[in-house]
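What follows is one structure encoded as C-alpha cells, with my remarks underneath.
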Ligand SMILES: [Mn+2]
C-alpha cells in the first residue's frame, strides 16, 4: 500500500502523543485545504505535516481523529468515499474501505464528519485540534470553548528522528546535493537565474521528488536578499550565484545552500568572504555535539564571523565590541550576518520542536537523532544605505548550508556529497558546458 513507515511506527507516535494528554482527551488533525490558484486551477497540494506524522494520509481530504476515552487509544480516519463520476476526472481514490489499511482503528466517510465529531467530542473532557489548517475545522471549533492546541505535546516528539526518518532525510539530502552539482556543471556566464533553478528542480523531479520550499537562486547582489525568489535576472560574468534549494522524500526535507562563481573562478574579494563563511560553517558543524547547548552553535559561528570581519578591515573595533552583548550577540557583525545559524529539519523545512536557534521553548541541548542545518552567511548589499558597505565587498552575498545529523559519534553531514571547498567548486563549475 506504500506507506513510508510500518504501521507500528505510526501507532507508537499516536500513543506517545496520548501519553502527554490527560485521560478523556480527543485529538482532531485535519489535512491541509486545497487552495485555488485561479478559477478552477489549484495550487499543488501538499498534505499537512501533522497528518503525515500521525497516520501518513496523503490524499487531499481527510481528518484524523483519536481519543483515549475509556483507556486505550482509538482512532478514526475520515476520508472521501469512492465516487466513479469524480474519479473519472480526478483519479481513483483510496476510499473508506481502502483506508482501513492505514494505521487507524476505524475509517468513516468524510461526509459524516461534522455530525459524528460533535457526538465524539461530547464524550471527551479535553479537545485538542490545530486551528488555521482547515476552514471546516476552524468553523466547527471556533464556536467551542476551551479547545486546546496539541502542538506543545506533538512537536517535541517530532524533534528526534527515527532510523527510518533519517533514511528519508539522507535520501533527500543526497538528491539535493546532486541537484546542486548538476547546476554547477552546466553553469556559464550570462545564463538566467531561472535556468539554474530549472537544473536544480529538474533533477528533483527526475528523482521523483519535489522542492521542500521555493528555490532561491540569486546572482550578484540578489544573493544579499535572504528570501529572494523571483529568480528572473541574468547572472553576469564575474558574479557569484547563491543557490538555496532542497527537496523532500516521503515528506522529509533537505535544505542546502551553495554559493559559487558563475564563471568558475573566485575573485580575490569573493574568495576572502567565502573562506570566512566556510570556516564559520565548519566550526558550526563541529559544534553539533550531543549535549551542546543550541546557543553554542550560534556563538561559535558568530565569533569566527566577527573576528574575520575585523581581520578583513570591515569592522574597525575589537572582538568584544564586534560581538556586542554577550548573550544577545547583537554587535555590528550583525549588519552583515543578520540571520540565525540554523534550524531543525524534518517534515517541515523549518521543523517544529522549538528548534530554531534562539526560539523560546527550544530544547537547551542537542540530542542524538536531531537533524539541523548550519548556515552562516555574509551579505554586503550594494543597495543598502543604513550601513557602510566596504567597496571591496560591495554586492557580495555568500551563504553555505549543510544538513547535519546529531549522533553520539559526532555530527554526520547528510549533504556531504555537495562540493563546498573552493578547489572542488572551481573544478566542477562549467565543467559540463
Ligand atoms: Mn535553511
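The values are calculated or read from the model by the stated rules, or taken from the named source; none is laboratory data. Quick caveat: nothing in here was measured; it's all calculated off a predicted structure. We place every Cβ from the backbone using ideal geometry, glycine too, and count neighbours over all the protein chains shown.
Any residue in the stretch 360-375 that is within 15 Å of the ligand (Cβ to nearest atom), assigned by TED's automatic domain parsing to the domain that holds residue 235 and over 21 Å from residue 161 (Cα atoms)?
No, the stretch 360-375 contains no residue that is within 15 Å of the ligand (Cβ to nearest atom), assigned by TED's automatic domain parsing to the domain that holds residue 235 and over 21 Å from residue 161 (Cα atoms).
Results for (1) at pLDDT 95 or above; (2) buried (at least 21 other Cβ atoms within 10 Å of the Cβ); (3) farther than 27 Å from residue 169 by Cα, shown as yes or no for each residue.
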| site | (1), (2), (3) |
| --- | --- |
| 202 | yes, no, no |
| 209 | yes, yes, no |
| 239 | yes, yes, yes |
| 249 | yes, yes, no |
| 253 | yes, yes, no |
| 290 | yes, no, no |
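Tell me, which residue of the stretch 280-291 that is in a helix (DSSP H, G or I) and out of contact with any helix residue (DSSP H, G or I) (no Cβ under 6 Å at 6 or more places or on another chain) is farthest from residue 409 (Cα to Cα)?
Here the answer is 281.
Has the stretch 345-357 got any residue that is more than 16 Å from the ligand (Cβ to nearest atom) and either in a loop (DSSP other than H, G, I, E, B) or not assigned by TED's automatic domain parsing to the domain that holds residue 259 (or both)?
Taking the stretch 345-357 first, the residues more than 16 Å from the ligand (Cβ to nearest atom) are 354.
The next check asks that each one be either in a loop (DSSP other than H, G, I, E, B) or not assigned by TED's automatic domain parsing to the domain that holds residue 259 (or both); those that pass are 354.
Yes, the stretch 345-357 contains at least one residue that is more than 16 Å from the ligand (Cβ to nearest atom) and either in a loop (DSSP other than H, G, I, E, B) or not assigned by TED's automatic domain parsing to the domain that holds residue 259 (or both).
Here's the yes/no breakdown for (1) free of Cβ contacts under 8 Å to residues at least 12 places away in the same chain; (2) not in a helix (DSSP H, G or I):
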{"site": "111", "(1), (2)": "no, no"}
{"site": "120", "(1), (2)": "no, no"}
{"site": "153", "(1), (2)": "no, no"}
{"site": "156", "(1), (2)": "no, no"}
{"site": "161", "(1), (2)": "no, yes"}
{"site": "167", "(1), (2)": "yes, no"}
{"site": "177", "(1), (2)": "no, no"}
{"site": "194", "(1), (2)": "no, no"}
{"site": "213", "(1), (2)": "no, yes"}
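Assuming residue 339 fulfils every condition listed in (1) away from the ligand (no atom under 14 Å from the Cβ); (2) within 20 Å of residue 241 (Cα to Cα); (3) in a loop (DSSP other than H, G, I, E, B) apart from one, which condition is it?
Just one mismatch for residue 339, condition (1).
Counting only residues that are closer than 26 Å to residue 242 by Cα, in contact (Cβ under 8 Å) with a residue 12 or more places away in the chain and either touching a strand residue (DSSP E or B) at 6+ places or on another chain (Cβ under 8 Å) or not in a helix (DSSP H, G or I) (or both), how many does the stretch 310-335 have?
6
If we keep just the residues of the stretch 352-369 that are in contact with a helix residue (DSSP H, G or I) (Cβ under 6 Å, 6 or more places away or on another chain) and at negative phi, which is modelled with the highest pLDDT?
Per the criteria, the residue is 352.
Taking into account only those residues within the stretch 390-419 that are in contact (Cβ under 8 Å) with a residue 40 or more places away in the chain, out of contact with any strand residue (DSSP E or B) (no Cβ under 6 Å at 6 or more places or on another chain) and not in a loop (DSSP other than H, G, I, E, B), which is farthest from residue 371 (Cα to Cα)?
The residue in question is 392.
Check off (1) more than 18 Å from the chain's Cα centre (by Cα); (2) buried (at least 18 other Cβ atoms within 10 Å of the Cβ) for residue 421 and give me the number that stays unchecked.
Just one mismatch for residue 421, condition (2).
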